Structures are given as structure tokens and as C-alpha cells.
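Read the structure below first, then the notes.
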Amino acid sequence: RKEVEQDPGPFNVPEGATVAFNCTYSNSASQSFFWYRQDCRKEPKLLMSVYSSGNEDGRFTAQLNRASQYISLLIRDSKLSDSATYLCVVNSVSNYQLIWGAGTKLIIKP
Amino acid sequence: DTEVTQTPKHLVMGMTNKKSLKCEQHMGHRAMYWYKQKAKKPPELMFVYSYEKLSINESVPSRFSPECPNSSLLNLHLHALQPEDSALYLCASSQQGLAKNIQYFGAGTRLSVL
């Protein structure tokens, strides 16, 4: 089993729709969780850190489910500019490294 | 200002060349990272410097040689690379070398080895 798993997609979603991604992780001792966004041929950029209580930033909501070892990202009222690859990132056992998921590609269509 | 600057943006080199990639940050971060990213894959960690000391080397071939001249600068020296080393090389920095610290990425150097 991979340490961090994501559905690679692509998710083809009409503009204005709500889309959700899940990401599962294998290390139950993980403490740090992030969603990064990467546009084609660009660097990854932090979208959100994910906290135990869940957090929201505008149209984006991140949730953590420790019992089932997954994190989720919900995008409401999707925009064309949300098209990107979304990378789930979790800290390693040693707590000094990040483990990256393979990414989920999202395509928003007009 | 969360800026990490990498130069050059693009680099084409032959297998016998020696070149260097440069990375600079002025956020006072004490951890800096080199990643390699191939198309449609996530970034792969190569090296971590924490407080200017090499703390992690992910079994990277010796043709890649990192250097941290000071807390703001990180170099990656390249020598005798192979065509399969062609990739996007990303530099990142974080406050400290702990996984809970957010990593900020530079725009990367797109390397082609001929």
C-alpha cells in the first residue's frame, strides 16, 4: 500500500459545480496534512493546511478523518481557474519529511 | 513575501557538461530542499539542508552535489548527467526542517540533458 494515495482523475467537472477529492494515508501517527495545488509546468503552491477540526477558506473546505485515515478537499462553485492538479501531502514517520500523493487532476469545463 | 528564487529557469546541457542550479530565499527560513519532478509525477525529495547542514540525502547519485553556502542560498552542482535526469528541479524552503512547517517552492529549473 502506498503511503499516500489519491485518485489520479482526471475529474471533469462543469463550472459552478461542487467537487470533492479524498486522499488516504497509511501512517496513523501522521500529524501534518496539506493540500497543494500545481498548475501545468508550474511549481506546487500551498492551498491549505488541514487541521483536526477541519478548516475553510472561501470556496475550499478541508477535512481530516483520523479514524479512517483520510483527508478531503471540497471545492464549491468551481471556477475555470480551479483547473489544476491537487496534491495531498502528509508528514513521514520521522516527522522530518513530507510524503506526496501522486495528485488528482481537475478539469473545470465551461 | 514568500518568495523563493531559482535560476536559471531553463537549462540545456550535454552529458559531459558541469552546471549549477541556484536557489535563494530571504524569508529567514532555516531549512532548504531540492526536489526533482518528472512529468505527471509528484515531487521527489533529493536533499534537505537544516541550519546549513545536510540532514537528508535520499540516495541521490553523486553526479548531483548540493551546497549550502549560507542560510539564504542553496546550490545544486551537476556533472556528467544522463538524459533520464531531465526534469523540473524545484527548490523549497521552510521555517525549520520539520514536516509541520509549510514548504514554499521556487518556480523551478527545467533541465534537459542531451
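Values for this structure:
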| item | result |
| --- | --- |
| Single match in A:Lys105, A:Lys109 (criterion: modelled with pLDDT of 95 or more and within 14 Å of another protein chain (Cβ to nearest Cβ)) | A:Lys105 |
| Residue match in segment A:85-97 (condition: within 22 Å of B:Glu58 (Cβ to Cβ), in contact with a Leu (Cβ under 9 Å, 6 or more places away or on another chain) and without any contact (Cβ under 8 Å) to a residue 24 or more places away in the chain) | yes |
| Residues within segment A:73-87 that are open to solvent by 20 Å² or more (accessible area, probe 1.4 Å) and closer than 20 Å to A:Thr24 by Cβ, tallied | 2 |
| Failed condition for A:Val13, given (1) outside any strand (DSSP E or B); (2) modelled with pLDDT of 95 or more | (1) |
| Single residue of segment A:24-38 satisfying the filter (of a type outside the set (Phe, Trp, Tyr) and modelled with pLDDT of 95 or more) that is farthest from B:Gly106 (Cα to Cα) | A:Thr24 |
| Wholly enclosed strands (runs of 3 or more DSSP E) of segment B:3-114 bearing at least 1 residues open to solvent by 60 Å² or more (accessible area, probe 1.4 Å) and among the aliphatic types (A, V, I, L, M) | B:10-13, B:53-57 |
| Residue check for B:Ser55: within 8 Å of chain A (Cβ to nearest Cβ) and within 23 Å of A:Ile99 (Cβ to Cβ) | yes |
| Search result, residues across segment A:65-92 that are within 14 Å of another protein chain (Cβ to nearest Cβ) and under 13 Å from the mean Cα position of the chain (by Cα) | A:Ala84, A:Thr85, A:Tyr86, A:Leu87, A:Cys88, A:Val89, A:Val90 |
| Subset of segment A:13-30 (residues that are of a type outside the set (Ser, Thr, Tyr) and exposed (fewer than 12 other Cβ atoms within 10 Å of the Cβ)) | A:Pro14, A:Gly16, A:Ala29 |
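The values are calculated or read from the model by the stated rules, or taken from the named source; none is laboratory data. Since we're looking at a predicted model, the values are computed, not measured. Positions of Cβ are backbone-derived with ideal geometry, glycine not excepted, and every protein chain shown enters the neighbour counts. Ligands, DNA and RNA are excluded from the accessible area calculation, which covers all protein heavy atoms including side chains. Shrake-Rupley method; radii C 1.70, N 1.55, O 1.52, S 1.80 Å.
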